[in-house]
Amino acid sequence: MKHASAFFLGFLCIALLAPASVSAFGISPPFVNASRLLKGSRYEATIFLVQGAPDVDLTMGAVFDVPEKIKDWVSIDKGNEFVIPKGTQQFPIKVIVDVPKDAELGVYNGYLRLNTVPVRAEGQQIAISVGGRIDLNLSVGEGVVQEFTVRKIKILDVREGDKPQIVVTIDNTGNVPVTIDRATFDLLDKYGQVRLGYGQIEGDFDEVEPFTISDILIEFPIDVKLAIGEYWGEARVFRGQNVVNELKTVFNVTERKVDYLLYGSILVGAIILGIGFSLVRKRSKRHA
């Protein structure tokens with residue numbers, strides 16, 4: 001029911017936002033869950049691409065956004081570019097997973113992004129493209145346990161001009177490496193009322209080894225130059241579509257001071273090195 005609701009909402013949003021020249025487009029189901037893959041096995045999942053008004057041939061492009069080690073495992077039976085014929089309201093594709101015999105046991109997550117090749121309606125100046133995403137959740141090996149909790153989030157103080165940063169503490173109680181799927185950050189003014197910026201990172205985090213507790217540092221690419229002062233930050237981390245921990249608190253942006261000791265040491269070292277070279281050259285001239 002949850003996945004059906006998510007699909008309907010996504011379909012409705014696209015239908016409302018896309019111009020009349022591009023029909024509403026949806027994906028059902030928007031996920032591939034394969035939790036008991038074995039080494040050397042092959043898995044196929046049928047996904048339907050749905051159009052609201054299939055008035056024209058629709059050219060689709062497919063891109064797998066997955067960890068490097070499994071890029072050769074996944075494919076689509078129709079290829080990375082294919083055409084949905086005019087008049088086809090539900091178009092099936094097969095997502096294929098070929099697990100190598102020497103595959104490492106573990107849990108692998110990623111995405112398959114499907115987008116129409118941009119079309120230009122008559123009289124329009126902007127090319128329009130619609131599409132969607134399929135979540136890939138693959139587990140290789142019997143007895144794989146992927147369990148972890150996010151113990152805490154800490155929003156760090158930073159120096160002026162730096163990006164907002166958080167530290168996420170993960171307790172991995174499973175037997176394979178794990179990490180979170182997504183993290184978001186809302187930057188608010190010192191009163192916690194006005195939103196100044198928003199950042200999101202997806203699928204690019206350090207993993208935590210089995211049976212360990214470890215911190216991962218996340219920096220958010222918010223296009224706001226932080227001046228000295230006090231701000232509110234609201235951080236959330238996700239596992240799949242679920243928020244597993246969140247924190248709203250004050251953090252400080254401090255002055256970026258020049259490290260005179262460091263630069264002084266470098267200068268003194270350069271002077272000593274220059275004097276040393278000068279003495280060596282003088283000695284060389286004397287011997288010559």
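Inspect the stretch 173-184 for any residue being of a type in the set (V, I, T), more than 17 Å from P221 (Cα to Cα) and assigned to a strand (DSSP E or B) and give the result as yes or no. Yes - at least one qualifying residue is present in the stretch 173-184. Restricted to the stretch 31-68, and to residues there that are part of a loop (DSSP other than H, G, I, E, B) and in contact (Cβ under 8 Å) with a residue 60 or more places away in the chain, the residue that is surrounded by the fewest Cβ atoms within 10 Å (Cβ to Cβ) is G40.
Is it true that I27 is part of a strand (DSSP E or B), at pLDDT 90 or above and more than 12 Å from V130 (Cβ to Cβ)? No, not satisfied.
Here I93 passes the criteria (1) more than 18 Å from P54 (Cα to Cα); (2) at pLDDT 90 or above except the one numbered (1).
The values are calculated or read from the model by the stated rules, or taken from the named source; none is laboratory data. Since this is a predicted model, take the numbers as computed values, not measurements. All Cβ positions, even for glycine, are placed from backbone atoms using ideal geometry, and neighbour counts span all protein chains on display.
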